[in-house]
Amino acid sequence: MSRYNSNRDNHGRHGDHFSPRKFEEYAYILDYMQNGKSSIVRMREGVIVHAIGEEHLTLLELLGSNNESFSIGERLYIGKDGREKIISVLGRLDYNHISQSAKNELPTVIEKIVNVNEQRFIEYFNSAQPMTPRVHSLELIPGIGKTYMKSILDERDKHKFESFLDLQNRTGLREGTKLIAKRIYDEISGETRMNIFVRK
């Protein structure tokens, strides 16, 4: 398992529309164990929370306060200063090390993150570039083939997309939120060869 406090540079791979911050400020709860044991830090027990970071979409193990209540899908502040419910960020998890309940909740929570951060993700459609002469990075999104790709490129040349509804009205591409969420899920679960949204 890779460590949360990695010093790996976060520029480049994710595009200019993603922040270069190395640490997550907020995370969404996927599952929590009231009397759990950390799978990362030996002898660490208590309220163990499995969560997904809002910015880099990494899976995290958190240590929660015994005096607080938690709910699935809840957005928590996990930055360095002023945490209320989280005692510490124990580290990063890979998909195979989160609980089954967390795996079950993951698609719904990812979609929630995409909805809350719509402008951030619609920017992908506004800025995605060709990968090779034959393949465009827009085609990495499930459901986007050559026809939708051409329509998206033609429309964004006129003016940038402002929302997923705007994208749908102008190109016919439906459920953009779900398509982005599906790509993120595939990256987290290891179904893709390269990541465009999830920090490695």
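All of the numbers you see were taken from the coordinates with simple rules; none came from a lab. None of these values were measured; they are calculated from a predicted model. Methodologically, a virtual Cβ is constructed for each residue, glycine included, from the backbone with ideal geometry; neighbour enumeration extends over all protein chains shown.
GluC sites (Glu not before Pro) within segment 167-200: which are DSSP loop residues with at most 16 other Cβ atoms inside 10 Å?
Passing both the DSSP loop test and the Cβ count: 175, 191.
Any aspartates and glutamates with Cα under 14 Å of the residue 158 Cα? List them, leaving off those in the same chain fewer than 8 positions away.
166
Of 137, 69, how do they rank once you tally other Cβ atoms within 10 Å and put the fewest first? Working shown, then result.
Working: 137 18, 69 10.
If I rank by nearby Cβ atoms, fewest first, I get 69, 137.
Per DSSP H run of n ≥ 4, the term is -39500 (n - 2.57); total these for the chain, divide by its residue number, and report the mean residue ellipticity at 222 nm rounded to 500 deg cm²/dmol.
-9500 deg cm²/dmol
List the lysines whose Cα lies under 22 Å from the Cα of residue 182, skipping any in the same chain that are fewer than 8 positions away.
Hits, sequence-local ones excluded: 103, 112, 146, 150, 200.
Counting other beta carbons within 10 Å of each Cβ, put 134, 156, 174 in order, fewest first.
Numbers: 134 7, 156 18, 174 12.
Fewest to most other Cβ atoms nearby, the residues stand as 134, 174, 156.
Test of understanding: what is the full-extension gain from residue 96 to residue 117, defined as 0.36 nm times their sequence separation minus their Cα-Cα distance? Each step should come with its number before you reach the end.
Values: separation 21, 0.36 × 21 = 7.56 nm, distance 2.62 nm.
Answer, rounded to one decimal: 4.9 nm.
Given 58, 128, 194, which one lies farthest toward the positive end of the charge dipole of the chain, if we put +1 on the Cβ of every Lys and Arg and -1 on the Cβ of every Asp and Glu?
The one lying farthest along the dipole's positive direction is 194.
Which of the aspartates and glutamates could a cross-linker bridge to residue 37, judged by Cα under 13 Å and excluding same-chain residues fewer than eight apart?
In chain and number order, the partners are 45, 61.
From the phi of every residue in segment 50-59, what ³J(HN,Hα) in whole Hz does the Karplus formula 6.51 cos²θ - 1.76 cosθ + 1.60 yield, where θ is phi - 60° and glycine or proline is x?
Values per residue, Gly and Pro as x: 9, 9, 10, x, 6, 7, 9, 6, 8, 7 Hz.
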